[in-house]
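Working notes, beginning with the structure itself.
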Amino acid sequence: MSPFVELTDGVITLRPFEPGEAKVLHHAVRESLKELKPWMSWADEGYTDATAENFITLIRNHWPGGAYYGFAIIEAGTGDLLGGCSLSHIHPVYRFCNLGYWVRTTQRGRGIAGRAARLAARFALENLGLMRVEIVITVGNTASRRVAEKIGAHYEGILLNRMVVRERVYDAWMYSLLPSDFTESSR
């Protein structure tokens with residue numbers, strides 16, 4: 001069982017989405033639909049306050065069992081919601097997971113996704129006992145790819161037929177972060 005945690009680098013904070021944040025999450029997603037919709041199956045015109053509320057309930061229920069960690073990305077100084085970051089598909093035997101991130105449209109270009117990705121990956125590798133964090137990006141999602149490259153993730157190639165977004169099958173770029181990426185000598 002993993003208790004709720006809060007991670008920060010002083011600029012952003014990652015923490016679980018909290019009950020009562022559905023309206024704020026809904027607003028952030030709706031604001032960002034143009035950028036999210038091509039790459040995220042869950043981001044569409046049907047996204048409502050109820051959708052956001054159900055998501056928050058779901059991730060909070062899954063968190064204690066260690067199956068899924070859904071973080072809100074929060075501005076450390078203001079408490080404003082900047083986006084979301086998650087650790088999913090956590091494999092207990094082979095000790096790897098998938099890392100995903102998104103930043104609301106009005107906050108893009110500030111390095112927030114990279115900060116969130118590094119905080120979440122470090123948490124996975126140092127606190128969950130994982131040996132690998134994978135960033136699987138739909139070919140064509142160049143903004144997400146730039147984030148992976150800026151944070152020093154290892155490019156491993158293209159995975160064929162790896163992702164499905166609204167019934168469309170995509171190839172995906174594979175990146176990874178490893179424990180050695182977070183040692184003193186690697187910074």
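Some observations on this one:
- Using C-alpha pairs under 8 Å with a sequence gap of at least 6, the mean separation divided by the residue count of the chain gives a relative contact order of 18 percent.
- Shown for Met174, Met131: other C-beta atoms within 10 Å of each C-beta, ranked fewest to most, produce the order Met131, Met174.
- Dipole-positive endmost among Ser144, Met131, Trp63 within the chain (Cβ charges, Cα centre): Ser144
- Backbone phi angles across the range 12-17, fed through the Karplus curve with coefficients 6.51, -1.76 and 1.60 (θ = phi - 60°), yield HN-Hα couplings of 10, 10, 9, 8, x, 4 Hz in residue order; Gly and Pro are listed as x.
- Our estimate of slack between Ala50 and Glu18, defined as 0.36 nm per intervening residue step minus the Cα-Cα distance, is 10.1 nm.
- Debye equation applied to the C-alpha atoms of the range 7-186, log10 I(q)/I(0) at 0.14 Å⁻¹: -0.75
- For Leu82, the residues whose amide H sits under 5 Å from its own are Ile73, Ile74, Glu75, ignoring neighbours fewer than 5 places away on the same chain, with H placed 1.01 Å from N.
- Partner aspartates and glutamates whose Cα lies under 20 Å from the Cα of Lys23, excluding those fewer than 8 positions away in the same chain, are identified as Glu31, Glu35, Asp44, Glu45, Asp49, Glu53, Glu75, Asp80.
- By the count of neighbouring beta-carbon atoms within 10 Å, fewest first, Trp42, Trp63 end up ordered Trp42, Trp63.
- Percent of beta bridges antiparallel (DSSP, the range 60-180, rounded to nearest 5): 90 percent
- Residues whose placed amide H lies under 5 Å from that of Phe17, excluding near-sequence neighbours: Ala72
- Model label points for Thr105 and Asn161, set 7 angstrom from Cα along the Cα-to-Cβ axis, are 3.5 nm apart.
- Long-range HN-HN contacts of Val165 with modeled amide H, under 5 Å: Tyr170
We did not get these values from a lab; they are worked out from the coordinates using the rules stated. Everything numeric here is computed off the predicted structure, so don't read it as measured data. Backbone-built Cβ (ideal geometry, glycine too); neighbour counts: all protein chains shown.
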